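Bear in mind that the values in this text are calculations on the coordinates, not laboratory data. Source: prediction; values computed, not measured. Every residue, glycine as well, gets a Cβ built from its backbone with ideal geometry; the counts of neighbours run over all protein chains shown.
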Amino acid sequence: MSKLMVSVSGIRGVFGEGITPEVVMKYASHFGVFCKRGTIVVGRDSRTSGETLRNAVVSGLLSVGCKVVDLGIVSTPTLLLAVEESDAKGGICITASHNTAEWNALKLIDENGLFLFPERAKALFATFENEIEYAEWDNLKGVKYDYKAAARHIYRILKIPYIDLEKIRSREFKVVLDSVNGAGGTISPFLLDQLGCEVIELNTEPTGHFAHDPEPLAKNLTQICQAVKEHKADLGFATDPDVDRLSIISEKGEAIGEEYSLLLATDYVLSKNKGDVVTNLSSSMAFEDIANKYGVNVHRTKVGEINVGKKMIEVKSPIGGEGNGGVICPEVHYTRDAPAGMALILGLLAERGKKVSELVEEIPKYYICKERIEVEPSKLDRVMEKAELLFADRKLDRTDGLKVIGDDYWIHIRKSGTEPIVRIYVESVSQEDADKKGKDTVEALLKGL
Ligand code: MG
């Protein structure tokens, strides 16, 4: 039986087990009070439990006197942007992101349109023991429906000042799009149409019945890879259910790996707009290579887009994000935004006049191995203690979990903020070496656990 996972980024669980209407209603009520009973914007991805949980969230918010603006099924970046653009006091995003269909979650958004900073989330948690004070019957408000948020999001992307729309449109790119029947179908086909692309749509109905494992990793993208080849497309775009992670498929029908979404977008943006760039500790060393090409610095933060976004605001970064396909383009909003990423990648292709595989070739190649250890939640700390002992004699960075820094490799070991797992990421100069280091680390950490 999976339990409710509570973390600073929200609550998450399997529907009917960890996450239930009762749980989310109470949570939403506390959040409504925390946001001074103001207007709250609500949206969800396409999961089958989404409508049920949306109703509970809306009831919780209304019961304490909040006004609700309901965006329906939208991408997470669309929702964050809508909160920023409005005078709402907060937002609730109902999505379990890349998790499989039985999961769902609530993510909380502050009035500035960014996810709640950890310190704000902790302040909210502290109110959970309080009795909920419901609004008086004559002070209850209602729901306003707003189905234009995706259109405003597209408009904002098309207004990115350095993108040459006519150049992109003149190329008439043939693009295969896989939205895995998540929320992507509500925005991506329309954006690509605006960019003059011929779009071959796969899984763009937001039914919540995911066509494959929804995490946009190469191993889950066989259908789109095949379709790119069959249709002789210029490239393919795949997104996770809430559309903040982007994966690219080359014209050869190969999933080039999520890391390249940020790398290629960064190469493009820095050629237009120089400034320090920001990514997390788990992203590729190739990020430094691209930054060096343009003579700018790289800032590395803890994993989690809020940490990257916060640093980007601080250093006025023109581009940043996470190696898991999370491109943050501040001209749109400080959040991981797959549609914005698509526009940047098409801008790059149009401008350089090269194919995806040729652009990938230009970037120094490193190899990543992503491992995970699933253990009982009570043993997670024990795994981290073992990692400390195992690598005690190495150069270490403890900004976020444990990062072992070698001359031409790194190993990053950290507890997931959202699931009962320890993630182990290794990057090295060969796949063989990365895989070996990943496997050896997992074995050593599991031994005698
Ligand atoms: Mg996501």
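Which trypsin sites (Lys or Arg not before Pro) in the stretch 187-286 pass both tests, a DSSP loop state and at most 14 other beta-carbon atoms within 10 Å?
On the way: sites: 219, 229, 232, 245, 252, 272, 274; in loops: 232, 245, 252, 274.
Within the stretch 187-286, the qualifying trypsin sites (Lys or Arg not before Pro) (loop, at most 14 other Cβ atoms within 10 Å) are 232, 252, 274.
Would you mind checking which residues have amide H under 5 Å from residue 211's amide H? H placed 1.01 Å from N; only 5 or more apart, or other chain.
Amide H to amide H, under 5 Å and 5 or more residues apart or across chains, residue 211 pairs with 181.
With a sphere of radius 15 Å drawn around the Cβ of residue 23, what net charge do the other residues whose Cβ falls strictly inside it have (Lys, Arg +1; Asp, Glu -1)? Numbers along the way, then the final one.
Details: positive: 3, 12, 26, 54, 107; negative: 17, 22.
Once positives and negatives cancel, what remains is +3.
Taking the Cα-to-Cβ direction at residue 362 and at residue 172 and moving 7 Å from each Cα, how far apart do the two end points lie in nm?
So the two model labels end up 2.5 nm from each other.
Just to check I understand the Karplus step: with θ = phi - 60° and J = 6.51 cos²θ - 1.76 cosθ + 1.60, what whole-Hz values come out for the stretch 60-68, glycine and proline as x?
x, 5, 5, 5, 9, x, 6, 9, 10
Could you give the radius of gyration (one decimal) and Dmax (whole number) of the Cα atoms in the stretch 117-261, in Å?
My reading of the Cα-based Rg and Dmax gives 20.1, 63 Å.
What shape does the stretch 154-361 take by its C-alpha gyration tensor, where a ≥ b ≥ c are the square roots of the eigenvalues and a/c under 1.5 counts as rounded, a/b above b/c as prolate, and the rest as oblate? Could you put the intermediate results ahead of the total?
Numbers: a/c = 1.55, a/b = 1.35, b/c = 1.15.
Prolate shape, in that a/c is at least 1.5 and a/b is the bigger ratio.
In terms of the Cα gyration tensor, with a ≥ b ≥ c the square roots of its eigenvalues, is the chain rounded because a/c is under 1.5, prolate because a/b exceeds b/c, or oblate?
Values: a/c = 1.66, a/b = 1.16, b/c = 1.42.
Oblate.
Starting at the first residue of the stretch 344-357, write each ³J(HN,Hα) from the Karplus equation 6.51 cos²θ - 1.76 cosθ + 1.60 with θ = phi - 60°, in whole Hz, x for Gly and Pro.
Along the stretch 344-357, the couplings run 5, 5, 5, x, 4, 4, 5, 6, 7, x, 10, 7, 4, 5 Hz.
So how much slack lies between residue 252 and residue 205, counting 0.36 nm per residue of separation and subtracting their Cα-Cα distance, in nm?
Working: separation 47, 0.36 × 47 = 16.92 nm, distance 2.60 nm.
Difference between extended and current length: 14.3 nm.
Explain nothing, just compute: Karplus ³J(HN,Hα) = 6.51 cos²θ - 1.76 cosθ + 1.60, θ = phi - 60°, for every residue of the stretch 144-157 in order, whole Hz, x for Gly and Pro.
Along the stretch 144-157, the couplings run 10, 9, 9, 9, 10, 4, 5, 5, 5, 5, 4, 4, 4, 5 Hz.
Restricting to lysines 8 or more places apart or on different chains, can you count the pairs in the stretch 5-147 with Cα atoms under 12 Å from each other?
Working: 36/67; 36/89; 67/89; 67/141; 67/144.
Taking the Cα cut-off of 12 Å, the pair count is 5.
For a test of the definition: using alpha carbon positions, the gyration tensor, and the 1.5 limit on a/c, classify the stretch 5-147 as rounded, prolate or oblate. Intermediate values should be presented prior to the final figure.
Working: a/c = 1.29, a/b = 1.16, b/c = 1.11.
Taking the square roots of the gyration eigenvalues as a ≥ b ≥ c, the stretch 5-147 is rounded.
Extension gain residue 314-residue 193, at 0.36 nm per residue separation less the Cα-Cα distance, in nm? Mind dumping the intermediate values first?
Numbers: separation 121, 0.36 × 121 = 43.56 nm, distance 3.46 nm.
Stretched fully, the residue 314-residue 193 segment lengthens by 40.1 nm.
Starting from 0.36 nm per residue, how many nanometres of slack lie between residue 140 and residue 285 once their C-alpha separation is accounted for?
Details: separation 145, 0.36 × 145 = 52.20 nm, distance 5.30 nm.
Between residue 140 and residue 285, full extension yields an extra 46.9 nm.
Can you give me the long-range amide H partners of residue 96? Hydrogens built in the peptide plane at 1.01 Å from N, cutoff under 5 Å, separation of 5 or more residues or another chain.
Close amide H contacts, sequence-distant or interchain: 105.
Compute the distance in nm between two label points, each set 7 Å from the Cα along the Cα-to-Cβ direction, one at residue 389 and one at residue 59.
My value for the distance between the label points is 5.0 nm.
Given an 8 Å cut-off on Cα distances and at least 6 residues of separation, report the relative contact order of the stretch 269-387 as a percent.
Numbers: 155 pairs, mean separation 26.0, N = 119.
Taking the mean separation of contacting Cα pairs over the length of the stretch 269-387, I get 22 percent.
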